[in-house]
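> Structure below; questions to follow.
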Amino acid sequence: MIEPVDFRNGLIIEYEGAPYQILWFQNHKTAMSHAIMRVKFRNLRTGSILERTFKQADRFKEIIPTKRKNQFLYADGDAYHFMDLETFEQIAYPKEKLGELAHFLSENLEVEALYLDNEFLSISLPSSVDLKVTATVPGIKGDSVSNMMKPATLETGYEVNVPLFVKEGDTVKIDTRSGEYLSRL
């Protein structure tokens, strides 16, 4: 059994009979009460996101899923298609279950798939991905202030703030945990 003090991002626990992955947590202590843990987590079967508060005395069962390499093939309407790199089986996964992860999927990207009792639950992305800029406003010559940013649309449709020197056609590295620009390649 696991306690709220042992929570970490990415941990999968059983809550109300379903597997949930912790997205964010915060230990909160007020002067007049005991410490509580605020948690934001995602149901791996339905994709819904919940926010809950737990006492330090609460206990949870940790779920350790089987991990296998998969490759993202393509998006078709509301389904995302993956191929298991061991069995070559193709899996269609609904877009709403992926949530924010869908913003970082480009064709042929290798991901780690999470399985529980041979049921495809979700994916785990690498910490950063390389995506091509498809649309952005041109930078103005002479703008040399280092912290100036402008919006850019990536090949997946995701919009991110990038420095002024980034132009259409450039490939940029994006942090999949925060969704922020890291560097230009």
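The values are calculated or read from the model by the stated rules, or taken from the named source; none is laboratory data. Keep in mind it's a predicted model, so treat the numbers as computed, not measured. With ideal geometry, Cβ positions are generated from the backbone for all residues, glycine too; neighbour counts draw on all protein chains shown. Accessible surface is based on the protein model in full, side chains and every heavy atom, while ligands, DNA and RNA are left aside. Shrake-Rupley method; radii C 1.70, N 1.55, O 1.52, S 1.80 Å.
> From the list LEU114, LEU73, LEU98, LEU50, pick out the single residue that is part of a strand (DSSP E or B), within 30 Å of THR134 (Cα to Cα) and in contact with a strand residue (DSSP E or B) (Cβ under 9 Å, 6 or more places away or on another chain). Before the answer, list the steps.
Values: LEU114 fails: within 30 Å of THR134 (Cα to Cα); LEU98 fails: part of a strand (DSSP E or B); LEU50 fails: within 30 Å of THR134 (Cα to Cα).
Exactly one of LEU114, LEU73, LEU98, LEU50 is part of a strand (DSSP E or B), within 30 Å of THR134 (Cα to Cα) and in contact with a strand residue (DSSP E or B) (Cβ under 9 Å, 6 or more places away or on another chain), namely LEU73.
> Which of the residues spanning the range 41-61 are under 22 Å from ASP117 (Cα atoms) and open to solvent by 40 Å² or more (accessible area, probe 1.4 Å)?
First, pick out the residues of the range 41-61 that are under 22 Å from ASP117 (Cα atoms): 41-48, 60-61.
Within the range 41-61, ARG45, THR46, SER48, LYS61 meet the criteria.
> Sticking with this one: Among the residues of the range 144-165, are any open to solvent by 50 Å² or more (accessible area, probe 1.4 Å) and touching a Leu at 6+ places or on another chain (Cβ under 7 Å)?
yes
> Within the range 65-97, restricting attention to residues that are over 23 Å from ALA18 (Cα atoms) and of a type in the set (Asp, Glu), which residue is least open to solvent (accessible area, probe 1.4 Å)?
Once the filter is applied, the top-ranked residue is ASP84.
> Oh, and also: Taking interchain pairs and intrachain pairs at least six residues apart, which have beta carbon atoms under 9 angstrom, with the first residue in the range 164-185 and closer than 12 Å to PHE104 by Cβ and polar (S, T, N, Q) and the second in a loop (DSSP other than H, G, I, E, B) and open to solvent by less than 40 Å² (accessible area, probe 1.4 Å)?
THR176/LEU125
> Being closer than 22 Å to THR176 by Cα and of a type outside the set (A, V, I, L, M), is that true of even one residue in the range 86-94?
Looking for residues that are closer than 22 Å to THR176 by Cα and of a type outside the set (A, V, I, L, M), one finds at least one in the range 86-94, hence yes.
> Shifting gears a bit: If ARG42 satisfies all but one of (1) under 30 Å from VAL172 (Cβ atoms); (2) touching a residue at least 40 places away in the same chain (Cβ under 8 Å); (3) out of contact with any Gly (no Cβ under 7 Å at 6 or more places or on another chain); (4) part of a strand (DSSP E or B), what's the number of the condition it fails?
(3)
> State whether one or more residues within the range 30-40 are under 28 Å from TYR158 (Cβ atoms), open to solvent by 50 Å² or more (accessible area, probe 1.4 Å) and touching a strand residue (DSSP E or B) at 6+ places or on another chain (Cβ under 6 Å).
Among the residues of the range 30-40, at least one is under 28 Å from TYR158 (Cβ atoms), open to solvent by 50 Å² or more (accessible area, probe 1.4 Å) and touching a strand residue (DSSP E or B) at 6+ places or on another chain (Cβ under 6 Å), which makes the answer yes.
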